[in-house]
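J.: Let me give you the structure first, and then I'll get to my questions.
The values are calculated or read from the model by the stated rules, or taken from the named source; none is laboratory data. Keep in mind it's a predicted model, so treat the numbers as computed, not measured. Cβ atoms come from the backbone with ideal geometry, glycine included; neighbour counts cover every protein chain shown. Heavy atoms of the whole protein, side chains included, go into the accessibility calculation; ligands, DNA and RNA do not. Shrake-Rupley method; radii C 1.70, N 1.55, O 1.52, S 1.80 Å.
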Amino acid sequence: IVIMPFKDIELGFSRTAQFCGEQLECNLKVFGNLLAGNDNVGIDATPENEPGNQMAGFDMRWASPIGSWPYAVYSQMIGEDESSYLPAKYLAQFGIEAWKPFSDGGVLQGFAEYTTTTCSANTGRGPYYNCAYSQGRFNVEGYRYHGRVIGYTSDRDAENYSVGASYAAADGTLWSATARRSRLNRDDFGDVVNTVSSVPADYAALEIGWRGQLFGESLSVELGVE
């Protein structure tokens with residue numbers, strides 16, 4: 001669900017769920033309990049009748065919150081767990097983007113972004129390691145599909161920083177560059193469930209790209225080092 005209560009603010013709300021599956025009960029009652037949030041073992045469900053696994057959260061984008069310059073701040077908070085019918089143990093993303101239009105029709109855009117996939121990493125209650133994208137009911141892959149997380153690309157317990165810029169010319173030509181640095185699986189213990197890095201690791205990458213027309217045909221070129 002996305003709403004715009006004011007012209008410069010965009011708010012989004014999301015909720016995803018895993019349920020049914022092999023050797024698990026699958027009927028309208030299971031779906032009803034899932035929809036109502038009756039899936040907390042020891043509170044309103046047992047290990048035998050737990051309907052599924054859910055994640056929920058919200059995101060926000062606010063254009064020019066201070067002044068009228070061409071920039072925006074954005075954030076996303078996704079709860080891995082639930083407490084008092086509200087998301088809890090958040091995974092977080094924070095960023096800022098800015099743009100500069102030119103008289104010839106070109107636009108220069110830039111961004112800086114921070115993301116953590118450790119539950120409650122930036123709160124007094126955390127961090128909770130080996131928490132994100134895993135759950136007892138679906139304990140083989142967790143919140144993954146074919147070995148990759150259905151969420152942030154670096155899997156759980158990662159801290160990521162990225163900066164980038166792009167220039168779109170009036171004729172449609174696009175130049176882009178992005179630099180990334182991450183600390184992967186940063187709980188300092190082995191994690192065989194983590195499909196990106198089963199041990200702690202530092203990661204850095206630089207990517208540049210061009211997209212445009214060559215001899216009347218569309219062409220894109222990308223170069224990266226990691």
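J.: Residues to consider are M55, M60; find the one that is closer than 29 Å to E22 by Cα, under 14 Å from the mean Cα position of the chain (by Cα) and either open to solvent by less than 30 Å² (accessible area, probe 1.4 Å) or in contact (Cβ under 8 Å) with a residue 40 or more places away in the chain (or both).
T.: The unique qualifying residue is M55.
J.: Also, quick follow-up: Of all residues in region 192-219 being loosely packed, with under 11 Cβ neighbours inside 10 Å and in contact with a strand residue (DSSP E or B) (Cβ under 8 Å, 6 or more places away or on another chain), which is farthest from S182 (Cα to Cα)?
T.: Residues of region 192-219 loosely packed, with under 11 Cβ neighbours inside 10 Å: 192, 202, 214-219.
Now narrow it down to the ones that are in contact with a strand residue (DSSP E or B) (Cβ under 8 Å, 6 or more places away or on another chain): 202, 218-219.
Numbers: D202: 6, S218: 33, L219: 31 Å.
The extreme case among them is S218.
J.: If you scan region 97-127, which residues turn out to be surrounded by fewer than 17 Cβ atoms within 10 Å (Cβ to Cβ), among the β-branched types (V, I, T) and at pLDDT 95 or above?
T.: V107
J.: With the requirement that a residue be modelled with pLDDT of 95 or more and open to solvent by 70 Å² or more (accessible area, probe 1.4 Å), what does region 168-190 give you?
T.: Correct list: W175, R180, R181, R183.
J.: Here's another thing I want to ask about it. Every residue in region 76-89 that is in contact with an Asp or Glu (Cβ under 8 Å, 6 or more places away or on another chain) and more than 16 Å from Q135 (Cβ to Cβ), please.
T.: Scanning region 76-89 gives Q76, M77.
J.: Would you check if there is a residue in region 167-183 being under 19 Å from N130 (Cβ atoms) and of a type outside the set (F, W, Y)?
T.: Checked against the condition, which is being under 19 Å from N130 (Cβ atoms) and of a type outside the set (F, W, Y), region 167-183 yields at least one hit.
A quick yes/no check of all residues on (1) free of Cβ contacts under 8 Å to residues at least 12 places away in the same chain; (2) open to solvent by less than 60 Å² (accessible area, probe 1.4 Å); (3) of a type in the set (S, T, Y):
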site: P5; (1), (2), (3): yes, no, no
site: R15; (1), (2), (3): no, no, no
site: G21; (1), (2), (3): no, yes, no
site: N38; (1), (2), (3): no, yes, no
site: S75; (1), (2), (3): no, yes, yes
site: Y85; (1), (2), (3): no, no, yes
